[in-house]
1. In segment 225-235, is there at least one residue being modelled with pLDDT of 85 or more and of a type in the set (Asp, Glu)?
2. State all residues of segment 146-163 that are farther than 15 Å from residue 106 by Cα and open to solvent by less than 30 Å² (accessible area, probe 1.4 Å); if no residue qualifies, say none.
3. Checking residue 104 against (1) touching a helix residue (DSSP H, G or I) at 6+ places or on another chain (Cβ under 6 Å); (2) at pLDDT below 95: exactly one of these is not met. Which one?
4. Under 7 Å by Cβ, and 6 or more places apart or on different chains, what pairs join a residue from segment 174-197 that is touching a residue at least 60 places away in the same chain (Cβ under 8 Å) with one that is among the hydroxyl-bearing types (Ser, Thr, Tyr) and loosely packed, with under 13 Cβ neighbours inside 10 Å?
5. Are there any pairs with C-beta distances below 6 angstrom linking a residue in segment 146-168 that is free of Cβ contacts under 8 Å to residues at least 24 places away in the same chain to a residue that is open to solvent by less than 10 Å² (accessible area, probe 1.4 Å) and among the basic types (Lys, Arg), with the two at least 6 apart or on different chains, and if so which?
Amino acid sequence: MRPLDEPDDPHDDHTGRGPTRRHPSKRTLSLIVTPIIVLVICGWIADASAPYLVDHHPLWLIALNARNRNLVLVVNQLDAVSYYVVGTLRLLLSDPLFYLLGFFYGDGAIRWMEKQAPTYGKLMRSAEKWFGVATYPLVFIAPNNFICLFAGAAGMSIPVFFVLNITGTITRLWLIRWVGDIFADPIENVLQFIRDYRMPLLILSVALVVVTIWNERRQGESEIEALAHLEEELESEEPDE
């Protein structure tokens with residue numbers, strides 16, 4: 001991905017590959033990767049225990065994994081302060097980490113993510129094409145992991161990235177709270193269904209997480225293992241001199 005300011009970039013190495021990137025030390029990379037691994041594990045715990053947490057500990061559910069469906073299910077059970085503070089912090093935790101991976105490793109980080117998530121490969125390539133013409137709107141509207149990776153790889157400035165990311169995240173939470181107010185009755189019906197069939201749903205949720213992890217291992221390596229070997233993988237993605 002070509003940086004946003006590549007034509008006049010003073011760090012351009014004039015080889016046609018864009019700016020020279022200073023790779024982080026092993027310690028710095030570990031400080032980026034370790035929190036991502038923790039967040040992945042938190043996501044597994046949330047997915048496995050969601051039928052229990054959704055009404056017993058709704059704040060813990062979004063603290064572990066603030067995906068849209070979890071936010072919608074718990075939005076009417078939380079006061080505004082808890083919802084916005086925990087939801088914003090949880091959604092923002094991984095974004096700077098993927099931005100830094102893109103910033104440090106550029107296209108190599110993008111190729112690595114495509115390899116780790118082949119199911120989303122086409123979606124990522126489509127998003128990358130759109131990123132070139134709608135950079136700022138995409139970071140504002142959909143700051144998911146690979147959009148943040150693109151932003152770092154493209155050389156988006158850190159202040160601009162954070163302004164777009166934070167304002168977009170808060171706007172997203174406001175929209176979900178608005179939707180939750182409008183569809184309060186249907187959401188309550190879903191919660192009641194979960195209460196009525198909590199144990200079968202809990203068993204199913206745990207089974208799905210276990211099968212997902214097992215399937216990743218069967219296909220090569222799990223998400224945790226891929227992150228643990230991230231340095232070697234990213235170095236292998238670097239172009240030959």
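1. no
2. Matches in segment 146-163: 161 only.
3. Just one mismatch for residue 104, condition (1).
4. none
5. none
The values are calculated or read from the model by the stated rules, or taken from the named source; none is laboratory data. Note that this is a predicted model, so its numbers are computed, not measured. Note that we place each Cβ from the backbone using ideal geometry, even for glycine, and neighbour counts take in every protein chain shown. The area values use the complete protein model at the heavy-atom level, side chains included, leaving out ligands, DNA and RNA. Shrake-Rupley method; radii C 1.70, N 1.55, O 1.52, S 1.80 Å.
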